[in-house]
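Read through the structure below, which is laid out as structure tokens, and then see the notes.
What follows is calculated from the coordinates using simple rules that are stated; it is not laboratory data. No experiment lies behind these values; they were computed from the predicted model shown. Here the Cβ is made from the backbone with ideal geometry for all residues, glycine too, and neighbour counts use every protein chain on show.
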Amino acid sequence: MANPSLLILAGDGIGPEVMAEVTRIIDWYGAKRGMAFDVSEDLVGGAAYDAHGTPLHDDTMARAQEVDAVLLGAVGGPKYDALDFSVKPERGLLRLRKEMDLYANLRPAQCFDALADFSSLKKDVVAGLDIMIVRELTSGVYFGEPRGIIEEGNERVGINTQRYTESEIDRVARSAFELAMRRGNKLCSMEKANVMESGILWREVVTRVGADYPEVELSHMYADAGAMQLTRWPKQFDVIVTDNLFGDLLSDLAAMLTGSLGMLPSASLGAPMANGRPKALYEPVHGSAPDIAGQGKANPIACILSFAMALRYSFDAGGEADRLERAVEQVLADGKRTADLLGEEGVEPVTTSQMGDAVLAALDASL
Ligand code: IPM
Ligand code: MG
């Protein structure tokens with residue numbers, strides 16, 4: 001059988017640096033675990049705009065549809081701020097999500113013991129935290145029509161539309177329930193059913209889907225109260241399911257509970273392909289961090305852990321994903337810190353590639 005295929009879109013800013021460390025880990029799996037991948041690389045975001053005048057070339061889009069999984073670094077940077085909205089780097093990412101129909105965005109927020117002091121919250125609030133936000137990723141206000149800026153009388157009006165069909169809510173709810181079954185059997189759905197009709201429908205459909213998952217304890221929360229509860233006592237949650245925009249906000253909030261955005265991976269999953277694997281894109285939650293790009297300061301862990309998610313969700317290799325996650329944990333426990341994780345006096349930061357070296361050494365030690 002052919003090797004599974006990976007398309008690497010490293011993107012902009014620190015994307016290429018952190019992805020370089022992932023490439024070494026992919027090679028390690030080929031050499032040491034007999035898991036060879038066919039890896040190809042292409043451009044996305046500002047890098048694609050510079051080369052082709054578009055943040056995602058049609059050929060790249062077509063390739064993304066064919067491969068078993070896409071690994072993405074980050075997109076964007078100040079160089080592209082003045083570009084027209086339609087060709088901004090972010091549009092490349094949004095097109096991938098939409099056209100691959102990656103409706104379930106899994107964003108774990110896990111607090112590593114070694115970093116519990118790092119959170120802006122008290123240690124006992126975050127120590128041992130392990131929650132998963134499932135964000136709907138292909139609909140809602142990000143894509144709803146009508147949208148635009150129109151003239152009305154003597155002024156302009158900015159318009160976006162929050163829109164959800166029952167089937168869109170149903171499928172992301174099922175993904176969240178399935179995940180909850182593999183974790184702590186608890187799901188909290190967040191919307192604004194007190195002010196939005198789309199929220200009323202969201203709550204109704206999630207409740208209906210819940211009847212198929214009687215083992216899972218389902219609760220509902222208004223998204224604003226959810227944000228408050230996430231900062232008050234995040235450990236009350238296991239899996240959270242929410243829409244595209246609330247998920248964008250709540251996942252940044254949850255990420256920061258763990259101390260650093262540089263630690264958090266994500267998986268964006270769609271429907272199963274002919275070979276049974278879901279359409280999938282894996283990317284760190286952090287952005288392109290142009291202020292530190294090219295200096296060897298970036299933390300590659302979020303991108304490395306995104307590959308761990310690929311092992312688990314695309315390649316049915318949960319044991320190997322655990323191995324990689326444990327290697328990262330080990331490296332942190334040993335005191336290795338990139339600059340974003342510094343706080344303790346007297347600790348010298350490691351570079352991006354030294355962090356990669358350390359993870360590879362821990363992987364070797366795991367054999
Ligand atoms: C995210 C990002 C994106 C989003 C941007 C880069 C378009 O914030 O993945 O959370 O808003 O979805
Ligand atoms: Mg975001």
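See the values below:
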{"read-out": "Theoretical gain in end-to-end length, Ala62 to Ala211 [0.36 nm per residue, Cα-Cα removed]", "value": "49.8 nm"}
{"read-out": "Those lysines that a straight Cα-Cα span of less than 27 Å connects to Lys336, excepting residues fewer than 8 apart in one chain", "value": "Lys32, Lys122, Lys123, Lys235, Lys297"}
{"read-out": "Cleavage-rule hits, trypsin sites (Lys or Arg not before Pro), segment 68-125, DSSP coil, Cβ neighbours within 10 Å at most 15", "value": "Lys122"}
{"read-out": "Residue-span extension gain [Asn160 to Thr231] - 0.36 nm each, minus C-alpha spacing", "value": "22.7 nm"}
{"read-out": "Segment 320-367 versus segment 126-144: alpha-carbon centroid distance in Å", "value": "27 Å"}
{"read-out": "Expected-Rg normalisation [2.2 N^0.38 Å, Cα atoms] applied to segment 139-257", "value": "1.18"}
{"read-out": "GNM top mover of Phe143, Phe177, Phe118 - the chain, alpha-carbon springs below 10 Å", "value": "Phe143"}
{"read-out": "Segment 22-92 and segment 150-187: distance between their alpha carbon centers, rounded to Å", "value": "26 Å"}
{"read-out": "From phi via Karplus (6.51, -1.76, 1.60), per-residue ³J(HN,Hα) for segment 190-204 in Hz, x at Gly/Pro", "value": "10, 7, 10, 5, 7, 10, 10, 4, 4, x, 4, 5, 3, 4, 4"}
{"read-out": "From phi via Karplus (6.51, -1.76, 1.60), per-residue ³J(HN,Hα) for segment 181-188 in Hz, x at Gly/Pro", "value": "5, 8, 10, x, 6, 10, 10, 10"}
{"read-out": "Hz values of 3J(HN,Hα) by residue in segment 163-172 - Karplus curve (6.51, -1.76, 1.60), Gly and Pro given as x", "value": "9, 9, 8, 4, 5, 5, 6, 4, 6, 6"}
{"read-out": "Choice from Asn154, Asn185, Asn299 with maximal GNM fluctuation in the chain (Cα, 10 Å cutoff)", "value": "Asn154"}
{"read-out": "Cut-off under 5 Å, modelled amide H: who pairs with Lys279 long-range", "value": "Gly270, Ala271, Met273"}
{"read-out": "Hull shadow area, averaged, the chain [alpha-carbon convex hull, nm²]", "value": "19.7 nm²"}
{"read-out": "Gaussian network model of the chain, Cα within-10 Å springs - most flexible of Val125, Val44, Val347", "value": "Val347"}
{"read-out": "Ordering of 11-21, 265-275, 159-169, 352-362 by packing [mean C-beta count within 10 Å, highest first]", "value": "11-21, 352-362, 265-275, 159-169"}
{"read-out": "Zone of Asp113's modelled label, taken as backbone nitrogen in segment 123-147 under 14 Å from a point 7 Å along Cα→Cβ", "value": "127-129"}
{"read-out": "Distance histogram for segment 190-304 (every C-alpha pair counted, 5 angstrom bins, percent rounded to whole numbers)", "value": "2, 9, 15, 17, 18, 17, 12, 6, 3, 1, 0"}
{"read-out": "Theoretical FRET efficiency, 1/(1+(r/R0)^6), r = Cβ-Cβ of Glu152 and Asn275, R0 56 Å, to 0.05", "value": "0.65"}
{"read-out": "DSSP beta bridges in the chain [antiparallel fraction, %, rounded to 5]", "value": "45 percent"}
{"read-out": "When segment 208-270 is reduced to its Cα atoms, the Kirkwood hydrodynamic radius in Å", "value": "13.3 Å"}
{"read-out": "Two-site label geometry, Leu249 and Val87: point separation in nm, points 7 Å out along Cα→Cβ", "value": "3.3 nm"}
{"read-out": "Rg [Å, one decimal], Dmax [Å, integer] - segment 12-140, C-alpha atoms", "value": "17.8, 50"}
{"read-out": "Added length on full extension, which subtracts the Cα-Cα distance from 0.36 nm per residue, Leu342 to Ser366", "value": "6.0 nm"}
